[in-house]
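Q: This is the structure, below, for whatever I ask next.
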2 protein chains.
Amino acid sequence: MGIKERRERQKEVLREEILDAARELFAKEGYDSVSMRKVAEKIEYSPTTIYLYFKDKSDLLFSLCEETFEKLLHNFEEITKHSTDPVECLEIGLCNYIRFGLTHPNHYKVAFMSRPEDLSLEDISRFISPDSMGTKAYLHLRDIVAECIKQKKFKELDPELVAQSLWLASHGVVSLLIVKCHFPWVERERLIDHTIKNMLSGLKA
Amino acid sequence: MGIKERRERQKEVLREEILDAARELFAKEGYDSVSMRKVAEKIEYSPTTIYLYFKDKSDLLFSLCEETFEKLLHNFEEITKHSTDPVECLEIGLCNYIRFGLTHPNHYKVAFMSRPEDLSLEDISRFISPDSMGTKAYLHLRDIVAECIKQKKFKELDPELVAQSLWLASHGVVSLLIVKCHFPWVERERLIDHTIKNMLSGLKA
DNA sequence: CCACATACTAAACGCCGTTAATAAAATTGA
DNA sequence: TCAATTTTATTAACGGCGTTTAGTATGTGG
């Protein structure tokens, strides 16, 4: 039955074409610039065709985000391999997180800054689901924090609390720098570096 | 010439009505729920009338932001009066900032989480202007940090750097808790308390 | 050859921000 | 007082949006 397979391959090709078109618009100009109609025009299909491959616009963009966050997770896991000191892992990891967000602002906005009203309940549960790249990345962060505590390099605190606090602060750096990009910030490097180092220094035993 | 004045008063009244209607929609259902048409219907005028009082939707948005900043600033200044210790001011101030954001999520979203694409260049320069409430609030924060350093209660660091870092982290707490309200966070109180205290402890001399 | 599933589309619905043209009302000046 | 003028508000429209419905080709399996 080679026919069915060819058909499925062709479907997959079109699905990728849609994603490619959307990714390009999205990376260049952000969420609002990705309109189903524009994507359709780019791939020379009618707008309704997209709905045969994605439930709706947020489904399409969710797929793009997962793609991106897979990269982030991979990046994070690489660091863990190349270092034995969990504190160092944490420092580099948080720094990378912030840099990653700042260099992929549109993806970051959709994943971490989009108003919950914009997402369907289904999308929300997908973001929170244990299989989502975001959740996996968080769990990885928590494990590293736990390791720091276990090795007595950090005070004896709840790893969940510490990991969440670190995430919140790092998110603040990314998101506010993205949104208020016209504010007269001091140099980014100092801002990122000081924020992370200051938080970690407070945690050290 | 009392006539001119009465006219201006009447204009001001309608302007306030528009702001009230917009604010209510904002507070109840968020940014997307504020459409020029809905606001118009609420005040029983035609949609185009709004354009006689505000340049466009982002101008309307800006006005609501200023309002919010003003409340924050006022709140912050009150704290300063009731305490002599700048470190305590800072701790209470940051805590209030976070609480303010969490109890007025839609206001906070409009002021600090709205996409810059939504704002015109004019609005952006208005935000940065030294007269804007946001700038004033930030300068107030920076002054308190400077005072902590001056009194040798903090390490000798750039007050600008420290103030911005504290703002970024606090913003992270507010904004991520708002957006990811379905994430399994530990209790809010612990999260807020630990984040602030940890940052401040790292700064102490 | 026909019934059927698949892939796709045209047209429409009901929103949206915004603009142009115009009407209505208030104010002014003669 | 009454016409001219300015101010205020409206109607209708433009071009966009996400999405749904109903329908058309096209190629497959019996």
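Q: Treating only the Cβ of Lys, Arg, Asp and Glu as charged (+1, +1, -1, -1), what charge dipole size does chain A show about its Cα centre? Round to the nearest 20 debye. Can you show the working numbers first?
A: Working: 30 positive and 34 negative charges, 35 e Å.
Magnitude of the dipole: close to 160 debye.
Q: Hey, with R₀ at 45 Å, roughly what FRET efficiency would A:THR103 and B:ASN96 work out to, going by the Cβ-Cβ distance, to 0.05?
A: Details: r = 33 Å, r/R0 = 0.74.
Approximately 0.85, to the nearest 0.05.
Q: Quick check on the stretch B:56-203: take the gyration tensor over C-alpha atoms, sort the square-rooted eigenvalues as a ≥ b ≥ c, and tell me if it's rounded (a/c under 1.5), prolate or oblate. Working shown, then result.
A: On the way: a/c = 1.97, a/b = 1.28, b/c = 1.54.
Because a/c hits 1.5 or more and a/b fails to exceed b/c, the stretch B:56-203 counts as oblate.
Q: When the accessible area of the stretch B:99-205 is computed with all protein chains present and a 1.4 Å probe, what percentage of it is carbon and sulfur? Mind dumping the intermediate values first?
A: Values: 2500 of 4340 Å².
Heavy-atom surface of the stretch B:99-205 belonging to carbon and sulfur, 1.4 Å probe: 57 percent.
Q: Using +1 on the beta carbon of Lys and Arg, -1 on that of Asp and Glu, and nothing else charged, what's the dipole of the stretch B:1-54 about the Cα centre, debye to 20? Each step should come with its number before you reach the end.
A: On the way: 11 positive and 11 negative charges, 46 e Å.
It works out to roughly 220 debye.
Q: What is the percent carbon and sulfur in the accessible area of the stretch A:1-54, measuring with a 1.4 Å probe over the protein chains and ignoring ligands? Could the numbers behind the result be given before it?
A: On the way: 1890 of 3840 Å².
It is 49 percent, rounded to a whole number.
Q: Hey, rough spin-label estimate for A:ALA27 and A:ARG15, points 7 angstrom out along Cα→Cβ, what's it come to in nanometres?
A: 2.1 nm
Q: Moving on. Find, among the residues of chain A, the one whose Cβ sits nearest the axis of the rotation taking A to B; state the distance in whole Å.
A: A:GLY172, 1
Q: Would you mind telling me which residue in B:LEU52, B:LEU61, B:LEU141 has the biggest mean-square fluctuation in a Gaussian network model of chain B, where springs connect alpha carbons within a distance under 10 angstrom?
A: Of the options given, B:LEU52 has the highest mean-square fluctuation.
Q: Could you sort A:ASP143, A:ASP158 by their accessible area in this structure, using a 1.4 Å probe and putting the largest first?
A: A:ASP143, A:ASP158
Q: Still on this structure, please answer the following. At a probe radius of 1.4 Å, figure out the A/B buried accessible area, summed over both chains, and give it in Å² to the nearest 100. Could you put the intermediate results ahead of the total?
A: On the way: alone 12320 and 12230 Å², together 20100 Å².
Separately minus together, A and B give about 4400 Å² buried.
Q: Given 25 °C and 0.890 mPa s, how large is the Stokes-Einstein diffusion coefficient of the protein assembly as shown in µm²/s, with Rh as the Kirkwood radius over Cα pairs?
A: On the way: Rh = 23.3 Å.
It diffuses with D of about 105 µm²/s by this estimate.
Q: Show me the chymotrypsin sites (Phe, Trp or Tyr not before Pro) within the stretch B:22-65 that DSSP assigns to loop and that have at most 15 other Cβ atoms within 10 Å of their Cβ.
A: Working: sites: B:PHE26, B:TYR31, B:TYR45, B:TYR51, B:TYR53, B:PHE54, B:PHE62; in loops: B:TYR45, B:TYR51, B:TYR53, B:PHE54.
Within the stretch B:22-65, the qualifying chymotrypsin sites (Phe, Trp or Tyr not before Pro) (loop, at most 15 other Cβ atoms within 10 Å) are B:TYR51.
Q: Here's something else I'd like to know. Students often get this wrong, so check it: of A:LYS136/B:LYS204; A:LYS57/B:LYS71; B:LYS81/B:LYS204, which have C-alpha atoms separated by over 30 Å?
A: Details: A:LYS136/B:LYS204 35 Å; A:LYS57/B:LYS71 37 Å; B:LYS81/B:LYS204 22 Å.
Where the Cα-Cα span goes over 30 Å, the pairs concerned are A:LYS136/B:LYS204; A:LYS57/B:LYS71.
Q: Have a look at A:THR49, A:MET133, A:VAL162 and report the one farthest towards the positive end of the charge dipole of chain A, computed about the Cα centre with Cβ charges (Lys/Arg +1, Asp/Glu -1).
A: Result: A:VAL162, furthest along the dipole toward the positive end.
Q: Would you grab the residues whose amide H sits under 5 Å from the one on A:PHE154? Only those 5+ places off in sequence or on another chain, please, with H modelled 1.01 Å from N.
A: Under 5 Å from the amide H of A:PHE154: A:ILE149, A:ALA205.
Q: Which GluC sites (Glu not before Pro) does the stretch B:34-113 hold that lie in a coil by DSSP with at most 15 other beta carbons within 10 Å?
A: For GluC sites (Glu not before Pro) across the stretch B:34-113 that sit outside H, G, I, E and B with at most 15 neighbouring Cβ atoms in 10 Å, the list reads B:GLU44.
The values are calculated or read from the model by the stated rules, or taken from the named source; none is laboratory data. All values reported here derive from a predicted model rather than from experimental measurement. A quick note on method: Cβ atoms are made from the backbone with ideal geometry, for glycine too, and the neighbour counts reach across all protein chains shown. Heads up: the accessible areas ignore ligands, DNA and RNA and are worked out on the full protein's heavy atoms, side chains in. Shrake-Rupley method; radii C 1.70, N 1.55, O 1.52, S 1.80 Å.
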